[in-house]
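Down below is the structure, laid out as structure tokens.
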Amino acid sequence: MPQMILQTSTMALELAKILFGETQPTMKLEWFTPLRVEEEDDLWSLSGRVDQNRKLPPGALDDQLENPIFHMHVVKADSEVKDVGISVGMKLPPEAKAQIRAQLEGEGITWSDLQAHQPQSYAPEIWLNTALHGGIINSKEAAIQFGELIFESHFSLQRSKIQNLRTELLDGIWHLTGVANKQSAELVFRRSNAQVISLDLRPI
């Protein structure tokens, strides 16, 4: 297996698109673009927020929540997704914000200090982290998309030329095989976190 599965930020972005469609059925990724990709040691870190001027469709977000922010952290070496989801801010009335500010300042924490420790695109609000889904690649379509991404990136197998692409889910493990250029490609990864277990290319 290659030493690094997700070699580039482009691959990380493609994976984010696949996972967003699987885990956020009521949202659209374009609301959060452009996504920002950063290297954090052995991880790719992705984030994107909805522009404040964008009006979301009715029902897209609970009335008590605001400023949704997409985030994902994934290991470069084996594509293990450490977290993926949407954080949101809780709408608070002015008096509640003033009470929080007063309590923080009473503990020697200024509003400026709080802002300094938040990412620049975040407001200093109370954030609720969405719970991780039990599985992040649940559909056959998403499993195929992930397989095509890996096969094309590592083996230069064009997606349109991969034949006999087969998928099988056994005990939480996806098995994908495909044929192209007289070669057989195989990918095995976890449904729960997209971690690649094995990747192989053999002549037929």
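Coordinate-derived values only; no laboratory data. Owing to the predicted nature of the structure, the values given are computational and were not obtained by experimental measurement. Please note: Cβ atoms are built from the backbone with ideal geometry, for glycine as well, and neighbour counts cover all protein chains shown.
Worth a mention:
- Annotation: amide H-H contacts under 5 Å for Asn193 (H modelled 1.01 Å from N, sequence separation of 5 or more, or interchain): Ile136.
- Derived scalar couplings ³J(HN,Hα) [the range 6-16; Karplus, 6.51 cos²θ - 1.76 cosθ + 1.60; whole Hz; x for Gly, Pro]: 9, 6, 10, 5, 4, 5, 4, 5, 4, 5, 4
- Extension gain (nm, one decimal) between Lys82 and Leu56, 0.36 nm per residue minus Cα-Cα: 6.6 nm
- Full extension of the chain between Glu95 and Thr33 gives 19.0 nm of extra length, using 0.36 nm per residue less the Cα-Cα distance.
- Residues listed by number, the range 177-199, amide nitrogen under 14 Å from Asn164 label point at 7 Å toward C-beta: 177-186
- The convex hull around the C-alpha trace of the range 140-203, projected and averaged over every direction, spans 3.9 square nanometres.
- Of Lys161/Lys182; Lys28/Lys76; Lys17/Lys140; Lys17/Lys82, pairs whose Cα-Cα distance is over 18 Å: Lys28/Lys76
- In plain terms, the chain from Gln103 to Ser156 could stretch by 13.3 nm, reckoned as 0.36 nm per residue minus the Cα-Cα distance.
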